[in-house]
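Working notes, structure below.
All of the numbers you see were taken from the coordinates with simple rules; none came from a lab. Small disclaimer: the values here were computed from a predicted structure and weren't measured. Counting neighbours? That spans all protein chains shown, and the Cβs are built from the backbone with ideal geometry, glycine included.
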Amino acid sequence: MKFVHSVLFVALLSSVTAFAAVDLKAADSDKDGTIDRKEAASVAIISKNFDAIDLDKDGTIDSTELAVFNALLKDKDSDGTLDKIEAKGLKKIAANFDAIDADKDGTVDSAELSAYFAKK
Ligand SMILES: [Ca+2]
Ligand SMILES: [Ca+2]
Ligand SMILES: [Ca+2]
């Protein structure tokens, strides 16, 4: 699963790195805390990449999934992970980098970010 996510994010991020982070509240028009496909229709970057952002494939994008997506907007080399340099612009991730990097390979991927954001 981890591999699939990374590949999806590579494809996804190569086309979206120029976009700013998306605010869940701005897209969540029925205020249930998630973005479904209908709500995503008003946010081009989300609707275009819905399946890649919806990591658990339940048909909605929750705050954790959106946080992972927003963090990976900083993935400048589009390899699906953030290294320490890419994470610099993200204060919380930079501060907790070593803790988030569960497999200690020097980068944080979508699975590691997802675990981190889900805990909060
Ligand atoms: Ca919603
Ligand atoms: Ca989901
Ligand atoms: Ca890692």
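Things to note:
- Any hit, the stretch 65-88, residues being surrounded by fewer than 20 Cβ atoms within 10 Å (Cβ to Cβ), assigned to a helix (DSSP H, G or I) and of a type in the set (Gly, Ala, Ser): no
- Complete set of residues in the stretch 58-80 that are touching an Asp or Glu at 6+ places or on another chain (Cβ under 8 Å), free of Cβ contacts under 8 Å to residues at least 60 places away in the same chain and over 18 Å from Lys91 (Cβ atoms): Gly59, Thr60, Ile61, Glu65, Asp77
- Taken together, Ala102, Ala94 contain a single residue that is assigned to a loop (DSSP other than H, G, I, E, B), among the hydrophobic types (A, V, I, L, M, F, W, C) and surrounded by fewer than 18 Cβ atoms within 10 Å (Cβ to Cβ), which is Ala102.
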